[in-house]
Amino acid sequence: MQIQENLSVWDKSYVWTQAGEEWSATWGSAEAQWFGCLYPRIHNFVPAPTILEIAPGHGRWTKYLKDLASQLLIVDIAPNCIEACRERFLGSSHISGFVNDGMHLDMVPDGSVDFAFSVDSLVHAESDVLESYVAEMSRKLAPEGVGFFHHSNLGEYAQQLDSGKMTGSHGRAPSMTAEKFAMYCAQFNLACIGQEIVNWGSEELTDCFSVFTRKGSRWDRPNLIHRNGGFMAEAAVLRSLSPLYCDAAWPEEAARRTLLSALDSVG
Amino acid sequence: MSITDNVGQRICHVQEEAARLIQEGRPAEAATKLLAMLTECQTADLWNDLATAAYISGDLVASERAYRQALILDTSNRQAAVNLSFVLLKQSRFAESLPIITPHLVSLTSDESAAMRGLVTR
């Protein structure tokens, strides 16, 4: 999807009735997806003093990231997304929201980001956008900073796409691949240190979680690539466990904790 | 002086009298006066005061109903929203209270905030 198309869809035509929660139904809930799928993958890098979230939408992951940072910067191409986050996290004065052009991070101070995060958003972005964000990250990451980006790997299936043999592409950007991401990191003097290439609602491994850092940081290592065709099976297990352990099982307790956290935020 | 001004003055007078009665520990008498005024003129503030009188009398059901009526008349009435949240939190109805209080969290006074924290952490 091109930048203008992304802006048009997420700012105008998409109806955000469930704040993006709907995309977590496969995991049972966003909470189950966060604690069962995402947090285990990023737990070594958080909490972090300054976290940058790119393309937060209406705050599906911001809700969790805000408790893991002293300062949380959120940047989205869609003004309605930043506005929705402002309303949703009204009392959280340590969150700063910015609308950008979908490619650049001028509002983020150089060398300031201890952890950069983006999940379930940049999968729709084409390779030029990822290339630009990797270039930006080479300036914005703190000396020991780490990034975790979820992006498309659909480009690996160019032939199947052309022949109509894909089981599903889920709006993934056809120009982007895991290999390109690692290449961009090398091009901009970053180290891509881990890539989990996964299926997402399809048989093909259309998605990728890429972890990157500055060359020479304490996280630096040769890139470990893992092709995980069992990603949807993991989601199914989490969905089956979700009713036992997630907020929906204890709505009053969940609301109590949310309220307490909000009171803490406003001081 | 217009008729409207006259009603406005009487509302103020009834509210002041009700506040005095509540302070004197006579919430039932305050409620009677507020109800009489409400038969003449419906305002969110009168319903809010009636709800407070009911709350002090220990009638949480009547109190909740009156605060909700205040919010029907004026959805942005901060005091009624904060008070209704307290009534709900007192009954550990956190899920109902959350959306009502959230827009007003940043405007809570330190006393309100401390009282709310007390209800949430007990």
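Normalised by 2.2 N^0.38 Å, where N is the number of residues, the alpha-carbon radius of gyration of the range A:1-143 equals 0.99. Kirkwood hydrodynamic radius of the range A:166-267 from all distinct Cα pairs, in Å? After inverting the pairwise mean of 1/r, the radius is 16.9 Å. With N the number of residues in the range A:193-241, Rg(Cα) / (2.2 N^0.38 Å) evaluates to 1.40. The mean number of partner chain beta-carbon atoms within 10 angstrom of a residue's beta-carbon across peptide B:96-103 is 3.
Electrostatic tally near B:Ala53: other residues with Cβ closer than 14 Å to its Cβ, Lys and Arg +1, Asp and Glu -1, net -4. Normalised by the number of residues in the range B:3-121, the average gap of Cα pairs under 8 Å and 6 or more apart makes the relative contact order 16 percent. The fewest-to-most ranking of A:Lys180, B:Lys33, A:Lys215 by surrounding Cβ atoms within 10 Å reads A:Lys215, B:Lys33, A:Lys180. Cysteine residues of the protein assembly as shown whose Cβ has no partner cysteine Cβ closer than 4.7 Å: A:Cys37, A:Cys81, A:Cys85, A:Cys208, A:Cys246, B:Cys12, B:Cys41. Taking 23 Å as the straight-line reach from the Cα of A:Lys215, the lysines in range (excluding those fewer than 8 positions away in the same chain) are A:Lys140, A:Lys180. Taken along the Cα-to-beta-carbon direction at a fixed 7 Å, the label points for A:Leu241 and A:Val266 span 3.5 nm. Across chain A, the mean sequence separation of Cα contacts (distance under 8 Å, 6 or more residues apart), normalised by length, yields a relative contact order of 18 percent. Projection of the Cα convex hull of the range A:3-240, averaged over all directions and equal to a quarter of that hull's surface, yields 11.9 nm². Suppose we look only past 17 Å in the calculated P(r) of the range B:3-121. What percent of the Cα-Cα pairs does that tail hold? Cα-Cα pairs in the range B:3-121 separated by more than 17 Å: 56 percent. Around A:Ala262, what is the net charge, scoring Lys/Arg as +1 and Asp/Glu as -1 over all other residues with Cβ under 12 Å from its Cβ? Charge balance near A:Ala262 sits at +4. Please identify every one of the GluC sites (Glu not before Pro) in the range A:1-74 that sits in a loop by DSSP and has no more than 15 other beta carbons within 10 Å of its own beta carbon. Qualifying residues, ordered by number: none. Other residues within the sphere of radius under 13 Å centred on the Cβ of A:Asn44, judged by their own Cβ, net out at +1 (K and R +1, D and E -1). Dividing the C-alpha radius of gyration of the range A:149-210 by 2.2 N^0.38 Å, with N its residue count, gives 1.12. For A:Thr258, B:Thr109, A:Thr62, the sequence from fewest to most other C-beta atoms within 10 Å is B:Thr109, A:Thr258, A:Thr62.
Just so you know, all these numbers are worked out from the coordinates, no wet-lab data involved. All of these numbers come straight from a predicted model, not from anything done at the bench. Positions of Cβ are backbone-derived with ideal geometry, glycine not excepted, and every protein chain shown enters the neighbour counts.
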